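Visitor: Here it is, the structure, as C-alpha cells.
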Amino acid sequence: MFTGEYGVTLDETCRISLPRNLRDELKTNTVYMCRGEEGCLWLFTDERWVRLVESVVTSTNPDSKDNISNPFFQEGRLVSRRILGTGQKLDIDKQGRVVVPPSLRDFAGLSKDCIVLGQFDYIEVWNKDHYDAYLKASEEEYRAASRELGARIKNDGEPGNYGHSSHSGPSRRDNTLSCSEGKE
C-alpha cells in the first residue's frame, strides 16, 4: 500500500527520487507513468497497470459496431487516449530515481519542487505549486466530503444505521447496563 506525502526535487537530468518506503512497496525496478487527473502524473506497478488497461480495453472494444454510438464507449476511448495512450514504462535506477519523460513533465508542469503522494494502489506526482493550489481550491469540497465520509463511517455505511459504529461499539439504546453502570 502506497501512503505518504513527500517533497522531492526534479533534478537537472529530469529525474525524481521515489521515497524509500514507496520503493519498498513497489517491489520492482519498473513503473508505468501516465497522465493523471487534476494535472498530476500517475505511477503504477506492472500488475496494477495491466488491470487498468484490461478494464479500459474491455469497455472500449473497437471491433463492436454497437459501441460506436454508445456514449460510454466514447468516454472510454477518451480515457484510453488521454491516460493509457500516454503511459510509458520506466526504469527505476539503483538510487531509486525515475526519469520523467518530457511530454509528461510538460503536462504536469513539473519544475524543481515536486510532491510525491501515495494513493494506496498507485502514486501521484505533482508540481508542488499546483498541488498547493489544488488543496487550497478544493478545501470546501474536502470539508463537505469529509463530513459525509465521517457520517458513513459512524453509521457503518448503511443509511439509518445510527446505532452502531465499528469504531465505537453497539448502540446503548437497548437499555442494558455496562459493567460500571448501576454499581453504587
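Visitor: (1) assigned to a loop (DSSP other than H, G, I, E, B); (2) of a type in the set (Ser, Thr, Tyr); (3) within 16 Å of CYS114 (Cα to Cα): which one isn't true of TYR6, the others all being true?
Guide: (1)
Visitor: Against the definition (loosely packed, with under 13 Cβ neighbours inside 10 Å, at pLDDT 95 or above and not hydroxyl-bearing (Ser, Thr, Tyr)), how does GLY4 come out, yes or no?
Guide: Yes, satisfied.
Visitor: Please pick out the residue among VAL125, VAL100 that is closer than 12 Å to LEU41 by Cα, touching a Lys or Arg at 6+ places or on another chain (Cβ under 9 Å) and surrounded by 13 or more Cβ atoms within 10 Å (Cβ to Cβ).
Guide: Matching residue, one of VAL125, VAL100: VAL100.
Visitor: Against the condition part of a loop (DSSP other than H, G, I, E, B) and at pLDDT 95 or above, how does GLU37 come out, does it pass?
Guide: no
Visitor: Could you identify the single residue in THR9, THR3, THR28 that is more than 23 Å from TYR134 (Cα to Cα) and not small (Gly, Ala, Ser)?
Guide: THR28
Visitor: While we're looking at this one, here's another question. Does GLY163 satisfy the criteria of being surrounded by 12 or more Cβ atoms within 10 Å (Cβ to Cβ), out of contact with any Gly (no Cβ under 8 Å at 6 or more places or on another chain) and either at pLDDT below 95 or not in a helix (DSSP H, G or I) (or both)?
Guide: yes
Visitor: Select from the stretch 12-25 the residues that are in contact (Cβ under 8 Å) with a residue 60 or more places away in the chain and part of a loop (DSSP other than H, G, I, E, B) and list them in ascending order.
Guide: The answer is THR13, CYS14, LEU18, PRO19.
Visitor: Working carefully through the options GLU158, GLU124, GLU140, find the one that is at pLDDT 50 or above and in a helix (DSSP H, G or I).
Guide: On inspection, the qualifying residue turns out to be GLU140.
Visitor: Let me ask you something else. Say we look at the stretch 40-81 and pick out the residues that are assigned to a loop (DSSP other than H, G, I, E, B) and in contact with a Lys or Arg (Cβ under 9 Å, 6 or more places away or on another chain); which of these is modelled with the highest pLDDT?
Guide: Restricting to residues being assigned to a loop (DSSP other than H, G, I, E, B) and in contact with a Lys or Arg (Cβ under 9 Å, 6 or more places away or on another chain), the top hit is THR45.
The values are calculated or read from the model by the stated rules, or taken from the named source; none is laboratory data. Quantities reported herein were computed from a predicted structural model and do not represent experimental measurements. Here the Cβ is made from the backbone with ideal geometry for all residues, glycine too, and neighbour counts use every protein chain on show.
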